[in-house]
Amino acid sequence: MSQSNSHSHDVRIKYFLSEATDDFFAGKLDVETLAHSHDLSLAEADQLVEMIEQLEFTFDVDIQPDADFKQQLHNDLIGKQLSLFERVRNLPPRLQIAAGIALIAAMALLGRRRFFSEIRPLIQKWRDVQPQTDTNGATREANA
């Protein structure tokens, strides 16, 4: 066989194997028709199909990775879930300071809001009972 003829035969086998494998797994393999369409002998096509069947049998094993491998892969891909303090601790010093200041400011704003929401009704009650003065200095009752 010449080199171009050998190359042509290899290409035909390659395409035959590809189509035969697809048809085999789809459950619609017709060896004679496929061999004829790729210009291969029936004996050669039968040998190739037998190889496909043996490979399928060999690799038809349900293998599950062990738990350690899954955990290691999860940690490699996603990383360990860190708490808020661990995340802040891993930041550069300037960002740690900024995060601390932001945390203190947020706490102060929440505390101020809570303090005033509790004290506001008391202030309103106190104003309601106090006598009010007008611009002339005369006092009058708040509810009058």
The condition of being touching a residue at least 12 places away in the same chain (Cβ under 8 Å), in a loop (DSSP other than H, G, I, E, B) and out of contact with any His (no Cβ under 8 Å at 6 or more places or on another chain) holds, among Leu40, Leu34, Leu48, only for Leu40
Could you look through the range 20-49, keep only residues that are exposed (fewer than 14 other Cβ atoms within 10 Å of the Cβ) and of a type in the set (D, E, K, R), and pick out the one that is nearest to Phe59 (Cα to Cα)? Asp22
Residue check, Ile52 out of contact with any helix residue (DSSP H, G or I) (no Cβ under 6 Å at 6 or more places or on another chain) and of a type in the set (A, V, I, L, M, F, W, C): no
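The numbers here are math on the coordinates, done by the rules we state, and not lab data. Note that this is a predicted model, so its numbers are computed, not measured. Note: ideal-geometry Cβ built from the backbone for every residue, glycine included; neighbour counts use all protein chains shown.
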